[in-house]
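Below is one structure, written out as structure tokens; comments come after it.
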Amino acid sequence: MTTNILIIGGGTYGINTAIELQGRGYAVTLLEPGPIPHPDAASTDISKVIRLDYGKDELYLQMMAEALPLWRQWNEELGETIYHETGVLYFTLDGMQANDFEYESYLLLQKHGHPTERLNSAEIRKRYPAWNAELYPDGYFNPQGGWAASGRVVTLLAQRALQAGVHIVQNVGFKQLLETSGRVTGVLTTDDKQYHADQVIFCTGAWTPVLLPHLADVMWPTAQAVFHFKADQLSLYQPPQFPVWTADVGKTGWYGFPAQNDGTLKIANHGVGWQQDPRLPRQVPAEAEERFRSFLAESLPGMAQAPKIFERLCFYCDTFDGDFWIDHDPQRPGLLVSAGGSGHAFKFTPLLGRVTADVMESKSNPYAARFAWRERGDLKAEEARAAGEGVRK
Ligand SMILES: Cc1cc2nc3c(=O)[nH]c(=O)nc-3n(C[C@H](O)[C@H](O)[C@H](O)COP(=O)(O)OP(=O)(O)OC[C@H]3O[C@@H](n4cnc5c(N)ncnc54)[C@H](O)[C@@H]3O)c2cc1C
């Protein structure tokens, strides 16, 4: 008798979990309240950073070392280049120091035999002329990593899910859990229909703590601003002179991408952000552009006056410790939550479905323990992170 699985949410977690479980012989239905990819979804964007660099955190480095070859393979399998291996730059304002994100990443990469190229201002000036090298005395280049066309990836994987037999229902969203004698047996949807299943899996990203309020103490939606500016001298803002970059990201949050062939240059900040309900109208705070432009004026002077061509608020599903959340709900049998991307999950797209499926089947998985259901722990560390002192993952 085939087991029925109901997945709520068609972002990268949902689509990849659907493909994996359908492949393991389950009958999978996926509900998404809009088109796939949904314009408001975090997974929907022109680019996301793919990096091995995770400070002292060995688990994410190992996980990325497993995912990276899969990204390269997808370029073959999916018939187009969705992963661009430009390498990633890590600049620092005060030199690389112990306990800093950049220095610890550099050491861990070397410990695991991954190539790195240390950089000083002279090197930066010569190899990356768009940058104000005076500002950045130290850093390194990681030739592995780059960016993925995230929205396009979700589109192609949704096609793959359909071909695999996943039943995708678009323009229908979750409204309420259906429970029978303490077990979650399905959901009521926004068009007042009932969907029943043996297992319900929530992959609703930043919407998760608002749709399942009992999670609001351990995860919350955080809005982040994203800007696109128009670069005119393409060669100066494209690889090899301009790969994916981070500018003392451990302390400042600044990171960005090479210009696309139409001149679109995306910049974002992996910082504190704003707590906001993702269902409400989205308005980028007025002061954000000024902050982005003062960063440009200092670090990328040639872009300081560049025309703004797009801005957006995009939402993280932030967990209290920055780790993903993939586990059965201990109080609600029949419900599994796979979310908590905390602003850094897209790069693990090739593995997210497998981790979620292993957890559902209680199969051993090298990463799952870190993402298990957990209590809030070290509040001090949380307060530091909330104040932007702690390094985001
Ligand atoms: C600004 C920004 C920059 C980022 N940059 C990077 C990066 O460079 N590298 C990286 O690795 N990661 C990055 N991330 C993180 C990454 O994008 C996310 O961790 C990942 O995409 C989350 O995927 P998801 O499937 O959980 O959520 P989403 O992609 O948001 O999907 C959730 C889905 O749930 C649906 N949904 C909402 N309400 C309902 C409902 N009622 N019923 C059913 N479905 C519903 C939504 O429509 C949506 O399609 C970034 C995120 C943001 C916001």
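The values are calculated or read from the model by the stated rules, or taken from the named source; none is laboratory data. From a predicted model like this one, the values you see are computed outputs, not experimental measurements. Neighbour counts run over all protein chains shown; Cβ positions are idealised from the backbone, glycine included. Keep in mind that these areas ignore ligands, DNA and RNA; they rest on the heavy atoms of the full protein, side chains included. Shrake-Rupley method; radii C 1.70, N 1.55, O 1.52, S 1.80 Å.
Some points to look at:
Yes or no, residue by residue, for (1) more than 12 Å from the ligand (Cβ to nearest atom); (2) surrounded by 22 or more Cβ atoms within 10 Å (Cβ to Cβ):
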position: 2; (1), (2): yes, no
position: 8; (1), (2): no, yes
position: 11; (1), (2): no, yes
position: 23; (1), (2): yes, no
position: 32; (1), (2): no, yes
position: 39; (1), (2): no, no
position: 43; (1), (2): no, yes
position: 51; (1), (2): no, yes
position: 58; (1), (2): yes, no
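- Verdict on residue 61 being under 22 Å from residue 393 (Cβ atoms), outside any loop (DSSP other than H, G, I, E, B) and free of Cβ contacts under 8 Å to residues at least 24 places away in the same chain: no
- Looking only at residues in segment 116-143 that are small (Gly, Ala, Ser) and in contact with a Leu (Cβ under 8 Å, 6 or more places away or on another chain), the one that is surrounded by the most Cβ atoms within 10 Å (Cβ to Cβ) is 139.
- Test: residue in segment 181-198 that is within 13 Å of the ligand (Cβ to nearest atom) and under 23 Å from residue 74 (Cα atoms): no
- Residue 43, sole failed condition from (1) in a loop (DSSP other than H, G, I, E, B); (2) touching a Lys or Arg at 6+ places or on another chain (Cβ under 7 Å): (2)
- Set side by side, the residues 113, 146 differ, and just one is closer than 22 Å to residue 72 by Cα and open to solvent by 40 Å² or more (accessible area, probe 1.4 Å), which is 113.
- The lone exception for residue 348 - which of (1) part of a helix (DSSP H, G or I); (2) more than 13 Å from the chain's Cα centre (by Cα); (3) surrounded by 18 or more Cβ atoms within 10 Å (Cβ to Cβ) it fails: (2)
- Qualifying positions in segment 317-359 - within 11 Å of the ligand (Cβ to nearest atom) and of a type in the set (A, V, I, L, M): 326, 337, 339, 345, 352
- Residue that is most open to solvent (accessible area, probe 1.4 Å) [pool: residues in segment 301-338 that are part of a strand (DSSP E or B), under 30 Å from residue 357 (Cβ atoms) and among the acidic types (Asp, Glu)]: 327
- Any hit, segment 286-293, residues being in the same structural domain as residue 100 (by TED's automatic domain parsing), assigned to a helix (DSSP H, G or I) and either open to solvent by less than 20 Å² (accessible area, probe 1.4 Å) or on the phi > 0 side of the Ramachandran plot (or both): yes
- Neighbours by Cβ (under 9 Å, 6+ apart or cross-chain): first from segment 139-168, on the phi > 0 side of the Ramachandran plot; second open to solvent by less than 10 Å² (accessible area, probe 1.4 Å) and among the acidic types (Asp, Glu): 139/102; 139/248; 145/53
- Sole exception among (1) open to solvent by less than 30 Å² (accessible area, probe 1.4 Å); (2) within 13 Å of the ligand (Cβ to nearest atom); (3) of a type in the set (Phe, Trp, Tyr); (4) in contact (Cβ under 8 Å) with a residue 60 or more places away in the chain for residue 242, by number: (2)
- For residue 172, the conditions (1) open to solvent by 20 Å² or more (accessible area, probe 1.4 Å); (2) in contact (Cβ under 8 Å) with a residue 60 or more places away in the chain; (3) not in a helix (DSSP H, G or I) are fulfilled apart from (1).
- Being of a type in the set (A, V, I, L, M), open to solvent by 20 Å² or more (accessible area, probe 1.4 Å) and more than 19 Å from residue 202 (Cβ to Cβ) is a property that residue 268 lacks.
- Residue 306 more than 16 Å from the ligand (Cβ to nearest atom) and free of Cβ contacts under 8 Å to residues at least 40 places away in the same chain: no
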